[in-house]
Amino acid sequence: SKTLIEFQKEEVDEKNNEIISSLRYAKRLQEALLPPKNLLDSFFNDNYFILYNPRDIVSGDFYWAKKIKTSTSPEISKDYLLLAVADCTGHGVPGAFMSLLGSNFLHQSAVEKNITSPSAVLDFLNQKIITTLNHGYGEEEIRDGMDISFIAIDLESNELAFSGANNPIYIVRNKTLTTLKADKQAIGNMNAIVLPYNNCSFKLEPNDCIYLFTDGYADQFGGPKGKKLMRKLFEDTLIAYSEKSMLEQKQALTSTFNNWKGDLDQVDDVCLIGIRI
């Protein structure tokens, strides 16, 4: 006959399997909301890579993309590519819930509001997250939010506009790395004073590489002393491989990360997108 401990173990195993299969299904839903591969292929052919590596089954990091046409008059219309990479507070289930809200509001800003200015998108997102999470019904204030980098590229003039909440972007040209800095204000912050986000523009040239990322890559512990990988090694890897194909860049970044991590656990979700103009 089974002992009490064996019964309890069976019960725990059963519960665990239920939770895991439910998370696996949630992962499918979450991935269905990510931009389809053919959308990104249609912009960049094979001149881009996506390194998307959740820490748990579902992720608090997400990326979002949309092509949008704006017309100032019937004759003049412009094609913009909008692209965002975001990191919601927490990982696993809480992060994933937040990521659904984030991608939904980004979609709303593009489709309903037709906003193509990155700072205006972040202002809209910030206001939506604050009002949605704190409408006075909950017991306590929700202080969750996200860090995000958002770019709009005018596909004709190659003018890039960027706005960021705690998340900068990198542009590498001729082995030189330029950082476009973000505002130090998370989306959904409940500060007394909420400042508008700033836009920053950059004229792109052919072969420029643009990188949008969350902090999960640089924050990974490992190496000989079990310390954080840090931005320096991340930047050095980007510069060293910037003239290689995007596939080779992704492979180099993946092996740098895995070699650093060694036998340690992954500490955070990782999301990194590279594009070559």
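The values are calculated or read from the model by the stated rules, or taken from the named source; none is laboratory data. Given the structure is predicted, the values throughout are model-derived calculations rather than measurements. Using ideal geometry, Cβ is built from the backbone for each residue, glycine included, and neighbour counts are taken over all protein chains shown. Surface areas here come from the heavy atoms of the whole protein model, side chains and all, with no ligands, DNA or RNA. Shrake-Rupley method; radii C 1.70, N 1.55, O 1.52, S 1.80 Å.
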Inset, instruction - Keeping the other protein chains in place, figure out the carbon and sulfur percent of the accessible area of the chain, with a 1.4 Å probe. - result: 53 percent
Legend entry - Under 19 Å from the LYS244 label point (7 Å along Cα→beta-carbon), backbone N, the range 158-196: 171-177
Legend entry - Cα principal axis extents for the range 131-243, largest first, Å: 53, 47, 19
Inset, instruction - State log₁₀ I(q)/I(0) for the chain at q = 0.07, 0.12, 0.14 Å⁻¹ as given by the Debye formula over alpha-carbon point scatterers of equal weight, solvent excluded. - result: -0.29, -0.79, -1.04
Legend entry - SER157, SER149, reordered so the largest accessible area comes first (probe 1.4 Å): SER157, SER149
Legend entry - Environment charge at PHE7 (Cβ cut-off 12 Å; Lys +1, Arg +1, Asp -1, Glu -1): -3
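Lys and Arg at +1, Asp and Glu at -1: add these up for the other residues within a Cβ distance under 14 Å of PHE49 and post the number. Write out the running numbers ahead of the final one.
Working: positive: LYS37, LYS244, LYS250, ARG276; negative: ASP41, ASP46, GLU248.
Here the count lands on +1.
Take the residue pairs LYS181/LYS227; LYS181/LYS261; LYS175/LYS203 and return only those whose Cα atoms are more than 21 Å apart.
Working: LYS181/LYS227 25 Å; LYS181/LYS261 27 Å; LYS175/LYS203 17 Å.
Listed pairs above 21 Å: LYS181/LYS227; LYS181/LYS261.
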Inset, instruction - Any lysines with Cα under 16 Å of the LYS128 Cα? List them, leaving off those in the same chain fewer than 8 positions away. - result: LYS113
Inset, instruction - Write down the radius of gyration of the range 1-71 and its Dmax, each obtained from C-alpha positions, in Å. - result: 20.3, 76
Legend entry - Helix 118-133 vs. the chain, principal-axis angle (Cα, 0 to 90°, nearest 10): 30 degrees
Legend entry - Value of [θ]222 nm, deg cm²/dmol, for the chain, DSSP H segments ≥ 4, -39500 (n - 2.57) each, nearest 500: -12000 deg cm²/dmol
Legend entry - Cβ-defined net charge surrounding ALA84, 13 Å radius [Lys, Arg +1; Asp, Glu -1]: -2
Legend entry - Reach of LYS184 by Cα under 15 Å, taken over aspartates and glutamates that are not fewer than 8 positions away in the same chain: ASP87, ASP123, ASP147, ASP215
Inset, instruction - Quote the Stokes-Einstein diffusion coefficient, in whole µm² s⁻¹, for the range 195-256, based on the Kirkwood radius over alpha carbon pairs, a temperature of 10 °C and a viscosity of 1.306 mPa s. - result: 116 µm²/s
